[in-house]
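The values are calculated or read from the model by the stated rules, or taken from the named source; none is laboratory data. Keep in mind it's a predicted model, so treat the numbers as computed, not measured. No Cβ is skipped: glycine too gets one built from the backbone with ideal geometry, and neighbour counts run over all protein chains shown. Just the protein is used for accessible areas: all its heavy atoms, side chains included, with ligands, DNA and RNA removed. Shrake-Rupley method; radii C 1.70, N 1.55, O 1.52, S 1.80 Å.
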Amino acid sequence: MKFLKYSLLLLLFVGNQQLFSQDQEDNYIEFNDRNNIVHGVYLGFNLGVGEIEDEPTYAAGLKLAYVANQQFEVGFAANTIYSRQNLIFTGNNRRQDLFAVYGGLHLEPIFFSKNVVSLSFPVLIGGGAVGYIENDYDEDYDPEITEEDIDAVFVIEPGVSALFNLSRYVQLEAGVTYRFSSKIELEPSPIDRINGFTANIGIKMGIFNMGRNRYKKKI
């Protein structure tokens, strides 16, 4: 009989301790000291092919951007393009190709960023210079570029890209952009704008998710 009483008392004591421990756990919540914003930064490189006035055009670019919560990028982007126009101007027997260098603000909203493949809509807003360069590949010929061969240009280049999230540190991207430019004034020149599509592939290297610090806080 005494054994039964002691057993009941022990069970009551253990039960009360478990209830107390559960109440203590329930009095704590998990929170994020960064307000759920995940920071990131990366350096990106890309190559592209396209056309200007139906002639083949090649592009290369770089980006340096900050990533907010894996959902929006803001930073700087710069591109250079080379278009095989193969033009012959009056008074010049050498064939010339078009080139341009431009850069500016890079903005890129990202959707489905938690998936292996996400969708983004990058846009570049900026300016640079455009001109012609003679494509004579004679080793003894040294082409010269003067101020008269170059003109300033304003560019807006929106696009759409697929982002392949390989890891926390590496992304691959593939997409298409369309370049809208202001009018260029190079005489003589049959081209007055450098508008055109470009298909791009690239790589981004950095930290896209710097992680979250989570703690327990008493209610």
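Take each peptide in 184-197, 47-60, 119-132, count the other Cβ atoms within 10 Å of every residue, and average; sorted highest first, the result is 119-132, 47-60, 184-197.
Per residue, the stretch 66-126 exposes 49 Å² of accessible surface when a 1.4 Å probe is rolled over the protein heavy atoms with every protein chain present. Residues whose amide H comes within less than 5 Å of that of Asn195, counting only those at least five positions distant or on another chain, are Ser181 (H built at 1.01 Å from N in the peptide plane).
Label points 7 Å out from Cα along the Cβ direction at Val41 and Glu53: separation in nm? According to this spin-label approximation, the distance is 4.2 nm. For Leu163, the amide hydrogen comes within under 5 Å of the amide hydrogens of Ser118, Leu119, Ser120, counting only partners 5 or more places away or on other chains and with H modelled in the peptide plane. Residue-wise HN-Hα couplings along the stretch 60-73, as the Karplus relation 6.51 cos²θ - 1.76 cosθ + 1.60 with θ = phi - 60° gives them from phi, are 9, x, 9, 9, 10, 9, 9, 10, 9, 6, 6, 10, 8, 10 Hz; Gly and Pro carry x.
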